[in-house]
1. Residue pairs, Cβ under 6 Å, 6 or more apart or interchain, first in segment 47-68 and more than 15 Å from Leu30 (Cβ to Cβ), second open to solvent by 60 Å² or more (accessible area, probe 1.4 Å). List them.
2. Criterion first (out of contact with any Phe, Trp or Tyr (no Cβ under 6 Å at 6 or more places or on another chain), buried (at least 19 other Cβ atoms within 10 Å of the Cβ), at pLDDT below 95 and not aliphatic (A, V, I, L, M)) does His210 satisfy it?
3. Of all residues in segment 216-250 being among the hydroxyl-bearing types (Ser, Thr, Tyr) and free of Cβ contacts under 8 Å to residues at least 12 places away in the same chain, which is nearest to Arg144 (Cα to Cα)?
4. Here is a list: Leu112, Leu116. Which entry is in contact with an Asp or Glu (Cβ under 7 Å, 6 or more places away or on another chain), at pLDDT 80 or above, outside any loop (DSSP other than H, G, I, E, B) and over 19 Å from Asn280 (Cβ atoms)?
5. Hey, can you tell me all the residues within segment 269-290 that are modelled with pLDDT under 90, surrounded by fewer than 16 Cβ atoms within 10 Å (Cβ to Cβ) and under 18 Å from Gln209 (Cβ atoms)?
6. Return the residues of segment 149-174 that are outside any loop (DSSP other than H, G, I, E, B), open to solvent by 10 Å² or more (accessible area, probe 1.4 Å) and either more than 17 Å from Gln201 (Cα to Cα) or modelled with pLDDT under 95 (or both); say none if nothing qualifies.
7. For residues that are in a loop (DSSP other than H, G, I, E, B), more than 17 Å from Met8 (Cβ to Cβ) and touching a Leu at 6+ places or on another chain (Cβ under 9 Å), scanning just segment 24-78, find the one that is least open to solvent (accessible area, probe 1.4 Å).
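The values are calculated or read from the model by the stated rules, or taken from the named source; none is laboratory data. All of these numbers come straight from a predicted model, not from anything done at the bench. Here the Cβ positions follow ideal geometry from the backbone for every residue, glycine too, while neighbour counts run over all protein chains shown. To get the accessible areas, we keep the full protein, side chains included, count just its heavy atoms, and leave off ligands, DNA and RNA. Shrake-Rupley method; radii C 1.70, N 1.55, O 1.52, S 1.80 Å.
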Amino acid sequence: MKTILSRMRSNELAFSDLLAEVILLTLDRLEQTIELLGDNESATALALPTLALGLEGLSLQGADSIDASAIRLIETVTGFRPGLSKLPQRDASNAARNNAERHEDLNFFHQLALQLEARSPLFAGRTARNLELALETNRAAGGRVNPIQLEAAIYLHDIGMMFLPENYWLKIESLDESARQKINLHPAWGAGLTARMVGWQDAAQMIIQHHEKPNGSGYPNQLMHSEICDGAKILAIVDAFDSILLRHSHRGQQRSILRAIAEINASDRQFSAEWIAPFNQVIRQMLENK
């Protein structure tokens, strides 16, 4: 990377969107590596040797071929081709299924989710986006999770945040330890409210488990992979994807989507591997069929 930057400074190479993608991808991988090593976890899933070899080859490319090489490198490391546009926009007011048979509770849950979404312009469209991603991922995997319970969990999984100071959950920057401990209480609060309503126990289980990790390092109960329900595994991926989009939103939507996809696919210890493939399938279809 240092060689590539030196060649740019000497005007041997022109700065381009594709080289910017490579630089951002490299920075993301370094950041993730430091976090994993700090937690004494393996960084194997980050494909660092592949990235390093690709950067070495890229640094030797001529100006006429470097963009094509950058595309190959990004696609090899992330599994997605750069240059994909953006996710289709959804109307949050029409996100929920409006059929006569839908449980009245879901209308209420949906309104609560929209109230949470309205707290920040950065959350615009979040409810509709998360709902579609979760339901389509479940459908792509054969419909293993009850879609009605999953819909309720999407609406209420972060409702516990409303019991916390807004500066805790509206800021993009890292939180201090005290704030993080308080944030970690929100799944139990949301699940506690949901479980007290008849018929929504499955949704409550998804909510309380959606920050658990397959390796047992999640919260609030440090569950292992086999103890986490499938709905929570879907919710974990969708929720993290949206959080990463928010964190990288200053880079523009196209770049933030690529960052989010790459980070999800590199986090094999944070998410259940059997749900990442159907999630990738859904994202790819949305981008290609927008």
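1. Matching pairs, first to second residue: Ser59/Thr3.
2. No, not satisfied.
3. Result: Ser226.
4. It is Leu116.
5. Scanning segment 269-290 gives a single hit, Ala273.
6. Listed by number, the residues that qualify are Ile159, Met161, Met162, Phe163, Glu166, Asn167, Tyr168, Trp169.
7. Going through the qualifying residues, I end up with Ala43.
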